[in-house]
Structure formats: C-alpha cells, structure tokens
Amino acid sequence: MNQNFNVRKDELLKDIQNILKNAEELYESIADDGTDKTKQIKKNLKAKIEKTKVQFEDIEDSLTDIAETTAATVTDADAWIRNNPYPALGVAFSMGMLIALLLGGNSRR
C-alpha cells in the first residue's frame, strides 16, 4: 500500500509541476502591448504563479512528511503486535465485542 501511495503521490506532484510549467510558458507567451491593463494582468499572473509554486512546495513537503510518519506508525504497530500477540488479541476481541454490543442493541425483550 505504501508503494502505491508513493507512486500516486509522485504522479500527482509531477502533474502539478507540469501545470505550473505550462502556466509559466503561457505567461511568457503573452504579448506585451504596452498598455497598463496588460502589464497589470501579467504582474498578477506572475504573482499567482509564484504563490502557487510556494504552496506546491509546502504541499510536497507535507505529503512526504505524512508518508514517512504513516510508514513509521505502521511499522511500530506491527512490531508491537508481533511482540505482544496476546494483548493485541485481547484488544481486538474487546473492540469486536464493543462494536457488536453497539450495533446489536438489547436483544432481550
């Protein structure tokens, strides 16, 4: 599952990078006709592209941190269960009974 997450994350990040690259190419291709309106539009577009790049980098860092934290948590949980099989079984049984009671309600009438 971790491999699948990383592959999908990398594909998404690559797609976003391509969108940003295309936006920059579009910005560069806009002809500057010398009017104030065109200059303002180009200025606004450039500012939004730069802001989006910063946000993209933050998202990329966050996704990487989440993936690493999740992998570490799963590894720790797996190690605890392997080292403590009977307490883990007791917790699983207790949770199952609690869910059964909550879903089953009072069967005595």
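The values are calculated or read from the model by the stated rules, or taken from the named source; none is laboratory data. Here the structure is a predicted model, which is why all the values come from computation and not from measurement. Methodologically, a virtual Cβ is constructed for each residue, glycine included, from the backbone with ideal geometry; neighbour enumeration extends over all protein chains shown.
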Report summary line: Filter segment 63-79 for residues that are under 17 Å from Lys9 (Cβ atoms) and small (Gly, Ala, Ser); the one that is surrounded by the fewest Cβ atoms within 10 Å (Cβ to Cβ) is Ala72
Query raised in the report: Tell me, which residue of segment 1-42 that is part of a helix (DSSP H, G or I), within 15 Å of the chain's Cα centre (by Cα) and of a type in the set (A, V, I, L, M, F, W, C) is surrounded by the fewest Cβ atoms within 10 Å (Cβ to Cβ)?
Result: Val7
Query raised in the report: What pairs come up if the first residue lies in segment 88-100 and is closer than 18 Å to Asp78 by Cα, the second is among the acidic types (Asp, Glu) and modelled with pLDDT of 95 or more, and their beta carbons are under 7 Å apart, counting only those six or more places apart or on different chains?
Result: none
Report task. Give me a count of the residues in segment 74-91 that are more than 27 Å from Gln3 (Cα to Cα) and of a type in the set (A, V, I, L, M, F, W, C). Result -> 2
Query raised in the report: Could you count how many residues in segment 43-98 are part of a helix (DSSP H, G or I), over 26 Å from the mean Cα position of the chain (by Cα) and farther than 30 Å from Ala31 by Cβ?
Result: 18
